[in-house]
Every structure is written in structure tokens, then in C-alpha cells.
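The values are calculated or read from the model by the stated rules, or taken from the named source; none is laboratory data. Keep in mind that what you see is a predicted model, and the values were worked out from it rather than measured. In this analysis, Cβ positions are derived from the backbone assuming ideal geometry, glycine residues included, and neighbour counts consider all displayed protein chains. Areas reflect the complete protein model, heavy atoms only, side chains present, ligands, DNA and RNA absent. Shrake-Rupley method; radii C 1.70, N 1.55, O 1.52, S 1.80 Å.
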Amino acid sequence: FHNNMTGDEGAIAISEVVKRSPLLEDFRCSSTRVGSDGGIALSEALGTCTYLRKLDLRDNMFGLEAGIALSKALSFHANLTEVYLSYLNLEDKGAIAIADALKSTAPLLEVLEIAGNDITAEAAPALAACVAAKQHLTKLNLAENELKDDGAIKISKALEESHDKLKEVDVSSNSLRRI
């Protein structure tokens, strides 16, 4: 499901299908105007899909509550290799919850996109811990947040060791200065 008007009602209906698809490996519901209620329903349904490898929920209006629900679902996904969570209005608390969940699961995660979520330096320690645990990471996108120098430094230190597969890091538009 991509680039349509699914909204909350559609997401709730889709979540019923997802609940009945435990072998689902690839799920995309991006640019579909899903808000908090639909995001919560989708997140809870995705918790039943433990074979999920690729998850793309970008460009929706989930917000904090749906972000927290998503973090709970992500804790069951050891097979994830690609996670696209940009522009979901997660803010710090949602980003921290997701980072904490991903840190302890998905050991083969290669792609993490969490751009445009109003994430500040407050969430940087959790993101750094998550990133440090992901030795297979090839792409990290944290663009269009508010990490500033302090947050970017914490995350960059997490990348200093044993990330020899990393090919792309995007921290553009994070109010970075010379530091």
C-alpha cells in the first residue's frame, strides 16, 4: 500500500488482513495518511508477523502513541533487515522506544531510516546504542531531525567501531555546526 488515501479506517481494515498473515516478510504502507489510530492497529497486527524482513511505514502521521505501539511490535522481529520509519512524527519518546526495541532484536539489520521525526539530542543515546549493536548496517538515515552537534557526535561515536559494511549515513538538515 503506497501513496494513497488509506487513512486510519483503511489501516484498521488492512490490520485485519495482516493479523491473518503470520508468514508476511515484506510490508509497505507508506504515504497513506495513516494517523495514530490506524498506526496503532497496524503496529499491533505487525506484532504477529514474526517473519517480517522489510518494513516500510514512511510518510504517515503515526505520532507518539503509534510509535510506542510499533516499538512493542518490533521487539518480536528478529529477521528484520530493512526498516523505513521516516516522517512518522515519532518525536524523542517514540524514537527512543523504537531504538530500544531494535537494539535487542534484528541482529542482521542493514537499513534504518528514521528521518524527519523531530528527534533531538535527547534521543541520541538510545539511537547510538541501537546503531552500535547493528554490525550489518549499510545505510543509516537520520536526516531532517534536530540532533544538533551533541546528538550527531553521540551517534558518530557509535559508528566508529566495527561498522565496516556501512556505506551511507545521512544526517543532513540537523542544525549541525562546525563541531
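For the stretch 62-179, with only Lys/Arg (+1) and Asp/Glu (-1) charged at the beta-carbon, what is the dipole magnitude about the Cα centre, in debye rounded to 20?
Charge dipole of the stretch 62-179: 240 debye, to the nearest 20.
Where the centroid of each part is defined by its Cα atoms, how far is the stretch 1-78 from the stretch 134-179 in Å?
Comparing the Cα centres of the stretch 1-78 and the stretch 134-179, I get a distance of 26 Å.
With r defined as the distance between the Cβ atoms of Leu176 and Gln135 and R0 fixed at 30 Å, what FRET efficiency is calculated, to the nearest 0.05?
Details: r = 25 Å, r/R0 = 0.85.
Rounded to the nearest 0.05, the efficiency is 0.75.
With angles folded into 0 to 90 degrees, how steeply does helix 91-103 sit against the dominant principal axis of the chain? Use alpha carbons for both and round to 10.
90 degrees
Can you list the trypsin sites (Lys or Arg not before Pro) in the stretch 74-179 that are in a DSSP coil and have 15 or fewer other beta carbons within 10 angstrom?
Those that pass, being in a loop and sparsely packed, are Lys165, Lys167, Arg177, Arg178.
Quick one: accessible area per residue over the stretch 1-143, 1.4 Å probe, rounded to a whole number of Å²?
Details: 5820 Å² over 143 residues.
For the stretch 1-143, the solvent-accessible area averages 41 Å² per residue.
Report, largest value first, the span of the C-alpha coordinates of the chain along each principal axis, in whole Å.
On the principal axes, the chain reaches 48, 28, 23 Å in Cα extent.
Tell me the carbon and sulfur percent of the accessible area for the stretch 34-179, rounded to whole percent, probe radius 1.4 Å.
Carbon and sulfur: 48 percent of the exposed surface of the stretch 34-179.
What residues have an amide H closer than 5 Å to that of Glu144, excluding those fewer than 5 places away on the same chain, when H is modeled at 1.01 Å from N in the peptide plane?
Excluding prolines and chain starts, which carry no amide H, the hits are Gly116, Ser172, Ser173, Asn174.
Under a straight-distance cross-link criterion of Cα-Cα below 19 Å, which lysines are reachable from Lys165, leaving out those fewer than 8 residues away in the same chain?
Correct list for Lys165: Lys54, Lys103, Lys134, Lys139, Lys157.
Could you order Leu57, Leu108 so the one with the most accessible surface comes first? Probe is 1.4 Å.
These residues rank, largest area first, as Leu108, Leu57.
Quick one: angle between helix 148-159 and the longest Cα principal axis of the chain, in degrees between 0 and 90, rounded to 10, please.
Compared with the principal axis, the helix lies near 90 degrees.
Note the direction-averaged projected area, equal to a quarter of the hull surface, for the Cα convex hull of the stretch 65-144, in nm².
If I average the Cα hull's projected area over directions, I get 4.2 nm².
List the residues, sorted by chain then number, that are 5 or more residues from Val169 or on another chain and whose placed amide H is less than 5 Å from its amide H.
Under 5 Å from the amide H of Val169: Leu140.
Nearest 500 deg cm²/dmol is fine: what mean residue ellipticity at 222 nm does the chain get from its DSSP H runs of n ≥ 4 alone, each adding -39,500 (n - 2.57), divided by its residue count?
On the way: 6 runs with 70 residues, N = 179.
Dividing the helical sum by the residues of the chain leaves -12000 deg cm²/dmol.
Please give the helix 36-46 orientation as an angle from the longest Cα principal axis of the chain, in degrees from 0 to 90, rounded to the nearest 10.
Orientation of helix 36-46: about 90 degrees from the principal axis.
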